[in-house]
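Structure record follows, encoded as structure tokens.
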Amino acid sequence: MKQIMKKLARLPRVAAYNRDWHKYFQAFAGADKGSVETFRLRNGQILELKPDARFILNEIYLDRVYDLPGTAYSQLTHVLDLGANVGVYAAFVCAQNPDARIYCFEPASNNYQILARNVQRNQINATLYQAAVSVEAGDGFLSQQMSSVEYTLVESPDTHTEQVRCVGLDQVFTLCGVERFDLIKIDIEGHEKILLENASDEWLLRFDRMIVEWHYSWRELETLMQRLQALGFRAEQVSPEENMKFLRASQV
């Protein structure tokens with residue numbers, strides 16, 4: 001009950017940016033019907049989401065979990081989005097800076113189809129790749145056992161996995177045709193640890209800024225933060241909501 005009351009208290013703020021705020025009542029009533037919902041935002045954007053992913057709109061547009069203090073999105077020209085899902089973050093970047101080029105990697109075929117529609121409908125300046133970024137190139141297995149925002153790469157297939165294309169760390173810049181990125185956003189549901197542990201210092205230094213959602217312990221995040229600081233990044237750990245961990249880093 002306490003959680004429901006907290007969500008109800010947020011509704012005026014939700015309504016301030018989201019014309020279809022009333023659809024959140026479906027979640028309270030347990031009426032998540034259909035495979036896709038459409039939300040019309042006050043800024044003119046129209047976004048499709050799966051019912052289990054509607055909370056992402058609030059995280060990104062209301063709570064601004066991907067904001068980086070001291071950085072305006074209007075300053076950015078090239079943004080790398082690992083774990084693009086259905087493109088809500090890409091739409092947010094576009095709303096702040098229509099000229100920014102966003103390179104979206106999303107391996108799940110069902111999410112990718114919605115991502116492509118959202119990008120086209122909202123005229124987002126994005127290049128899309130139906131692939132995951134991993135340590136090595138090749139085929140991978142994406143577990144879809146959890147919700148559509150929790151798909152993650154696993155080592156072996158089962159009845160809940162989809163075989164997906166993986167792009168190696170060293171291929172990203174060549175594939176995108178970009179020498180360095182202003183910002184990388186990583187939300188890959190637990191694969192971020194092995195990815196960043198295997199990234200070379202040279203690879204990390206080709207990003208001016210990083211925002212990483214972290215799915216491991218604070219101690220392990222501290223280890224990553226110390227590595228980045230040794231490379232000349234200003235790094236901090238943040239927890240915008242309970243059970244959420246983020247690393248924000250900028251080259252000094």
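The values are calculated or read from the model by the stated rules, or taken from the named source; none is laboratory data. Since the model is a prediction, treat every value here as computed from it, not as a measurement. Quick reminder, even Gly has a Cβ in these numbers, built from the backbone with ideal geometry, and neighbours come from all protein chains shown.
Which condition does residue 22 not pass, out of (1) in contact with a helix residue (DSSP H, G or I) (Cβ under 8 Å, 6 or more places away or on another chain); (2) surrounded by fewer than 21 Cβ atoms within 10 Å (Cβ to Cβ); (3) closer than 24 Å to residue 147 by Cα, if it passes all the others?
(1) is the only condition that residue 22 fails.
Report, by residue number, each residue of segment 145-178 that is of a type in the set (A, V, I, L, M), in contact (Cβ under 8 Å) with a residue 60 or more places away in the chain, more than 25 Å from residue 56 (Cα to Cα) and not in a strand (DSSP E or B).
Within segment 145-178, 172, 178 meet the criteria.
Please verify whether segment 42-54 includes one or more residues that are polar (S, T, N, Q), over 25 Å from residue 173 (Cα atoms), out of contact with any Lys or Arg (no Cβ under 8 Å at 6 or more places or on another chain) and modelled with pLDDT of 95 or more.
Yes, segment 42-54 contains a residue that is polar (S, T, N, Q), over 25 Å from residue 173 (Cα atoms), out of contact with any Lys or Arg (no Cβ under 8 Å at 6 or more places or on another chain) and modelled with pLDDT of 95 or more.
When you scan segment 179-191, do you find a residue that is over 25 Å from residue 59 (Cα atoms), surrounded by 13 or more Cβ atoms within 10 Å (Cβ to Cβ) and not small (Gly, Ala, Ser), even just one?
Within segment 179-191, not a single residue is over 25 Å from residue 59 (Cα atoms), surrounded by 13 or more Cβ atoms within 10 Å (Cβ to Cβ) and not small (Gly, Ala, Ser).
Among the numbered criteria (1) surrounded by 15 or more Cβ atoms within 10 Å (Cβ to Cβ); (2) of a type outside the set (Val, Ile, Thr); (3) within 14 Å of residue 80 (Cβ to Cβ); (4) in contact (Cβ under 8 Å) with a residue 40 or more places away in the chain, which one does residue 104 miss?
Failed condition: (4).
Under the condition of being over 14 Å from residue 55 (Cβ atoms) and exposed (fewer than 12 other Cβ atoms within 10 Å of the Cβ), which residue from segment 26-37 is modelled with the highest pLDDT?
Among residues in segment 26-37 that are over 14 Å from residue 55 (Cβ atoms) and exposed (fewer than 12 other Cβ atoms within 10 Å of the Cβ), the one modelled with the highest pLDDT is 35.
Check whether at least one residue in segment 74-94 is at pLDDT below 95 and not hydroxyl-bearing (Ser, Thr, Tyr), and report yes or no.
Yes, segment 74-94 contains at least one residue that is at pLDDT below 95 and not hydroxyl-bearing (Ser, Thr, Tyr).
For segment 190-252, which strands (runs of 3 or more DSSP E) that fit wholly inside it have 2 or more residues that are over 19 Å from the mean Cα position of the chain (by Cα)?
233-238
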